[in-house]
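See structure below.
The values are calculated or read from the model by the stated rules, or taken from the named source; none is laboratory data. Values in this document were obtained by computation on a predicted structure and should not be read as measured data. Using ideal geometry, Cβ is built from the backbone for each residue, glycine included, and neighbour counts are taken over all protein chains shown.
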Amino acid sequence: MRNLKVVLLNVLAFTAALSVEAQELKVPRISGLVNGRYSVSNKDGDTHGFDIRRVRLAADGALHSKLDYKFQAEYETTVKVIDAYLRWKILPELGVQIGEYKVPYSQESLYGPATWLTIENPAAVSKLNGYNDLNGLKANGRDIGISLFGDLFGKVVSYRIGLFNGNGINVKDDNDRKDFAGLIWVRPVKELALTAGLYAGSYGKKGDEHVRNRFSAGAEYKNSRLTVRSEYLSGNTAGKRSSGVYAIVSYWVTPAVQPLLSFDFFKEDRDADERQLNYQVGVNIIPVKKLRIQAAYTYTDNKVAKNINQFETQFILQF
């Protein structure tokens, strides 16, 4: 009862303050990024050369000290809205977010291209997390829904849980079921975070739904120079059971240079022979603030398909 009273008092205080702060609304902050890339590989059908991988433009701001918003659009071959949400931080322990944003069930997916350690997502994250999903979804890891979030016990535990359409970005649900997604962080010490995530849902039109369940368990150790991150993901996509794991180690040898090593494994179908192992060595360089240059060599060992050698380099300019 006491906690309920605290929530109600915060709601009343927020409502009263909103009318006052509405007179002092700040102009939205405009930001964005441009991402150019060059790649070359021996993959069949691959075309070597340059491309503009993504261009993003975003606006974010606050309507109140506890109420903020964000809008972000991306251009690849067409323009698409990838973020459009309103977030209310009622208490440190409880907040509400509604709109279109990243689905919380994998720690790696919540990072963006400007902070990715590797140029590409690990295969398991891409295939089981709505980027190039096994169910056909290509939605940058995002969906439309509503979720709760907060920090508990002095930020020792954090959580995000929500209900989503399950159809990705800018798409209305085509069945009556809503998908559940949740991610929990536990931080026993400042530098270490342990995560567990769950996605329970379906896809397909009403009357022809198929199961789409996912699970993740990860860990990240990070201090001012060293980052070690790993995660295991598994999924059931219309009866096809998949699993994968990745591990990344990076170290800032100088404030501007960060070499890294990564490994990831993915088996799309546990009952089939095919699987892939990706080994990568790379470096991230930040010569000036807001400019990130990455280069990486990746060797892909496929059990059935052709083995692949790939070199990629890209820049990400933020503004």
Output the residue which, of all residues in segment 1-26 that are surrounded by 10 or more Cβ atoms within 10 Å (Cβ to Cβ) and either at pLDDT 50 or above or acidic (Asp, Glu) (or both), is nearest to residue 92 (Cα to Cα). 21
Is one or more of the residues making up segment 121-144 more than 30 Å from residue 258 (Cβ to Cβ), of a type outside the set (Ser, Thr, Tyr) and in a strand (DSSP E or B)? yes
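If I ask for residues that are under 30 Å from residue 308 (Cβ atoms), at pLDDT 90 or above and of a type in the set (D, E, K, R), which ones from segment 27-81 would you list? Show your work before the answer.
The first filter runs over segment 27-81 and keeps only residues under 30 Å from residue 308 (Cβ atoms), leaving 33-56, 74-78, 80.
Pick out the ones that are also at pLDDT 90 or above and you get 33-42, 49-56, 74-75, 80.
Scanning segment 27-81 gives 37, 51, 53, 54, 56, 74, 80.
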Return the total of residues in segment 114-168 being over 14 Å from the mean Cα position of the chain (by Cα) and of a type in the set (Asp, Glu). 1
Looking at this structure, is residue 169 in a strand (DSSP E or B), of a type in the set (A, V, I, L, M) and touching a residue at least 12 places away in the same chain (Cβ under 8 Å)? no
Could you please give the count of residues in segment 263-296 that are surrounded by 13 or more Cβ atoms within 10 Å (Cβ to Cβ) and either hydroxyl-bearing (Ser, Thr, Tyr) or at positive phi (or both)? 1
Would you confirm, using the coordinates I've provided, whether residue 92 is touching a residue at least 24 places away in the same chain (Cβ under 8 Å) and surrounded by fewer than 14 Cβ atoms within 10 Å (Cβ to Cβ)? yes
What number of residues within segment 31-68 satisfy the criterion of being touching a residue at least 40 places away in the same chain (Cβ under 8 Å) and either part of a strand (DSSP E or B) or closer than 18 Å to residue 114 by Cβ (or both)? 16
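So that you can scan it fast, the table gives a plain yes or no per residue for (1) assigned to a loop (DSSP other than H, G, I, E, B); (2) closer than 29 Å to residue 301 by Cβ:
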position	(1), (2)
193	no, no
200	no, no
208	yes, no
211	no, no
264	no, yes
Just checking, does segment 72-79 include any residue being closer than 19 Å to residue 199 by Cβ, in contact (Cβ under 8 Å) with a residue 60 or more places away in the chain and either among the hydrophobic types (A, V, I, L, M, F, W, C) or surrounded by 17 or more Cβ atoms within 10 Å (Cβ to Cβ) (or both)? no
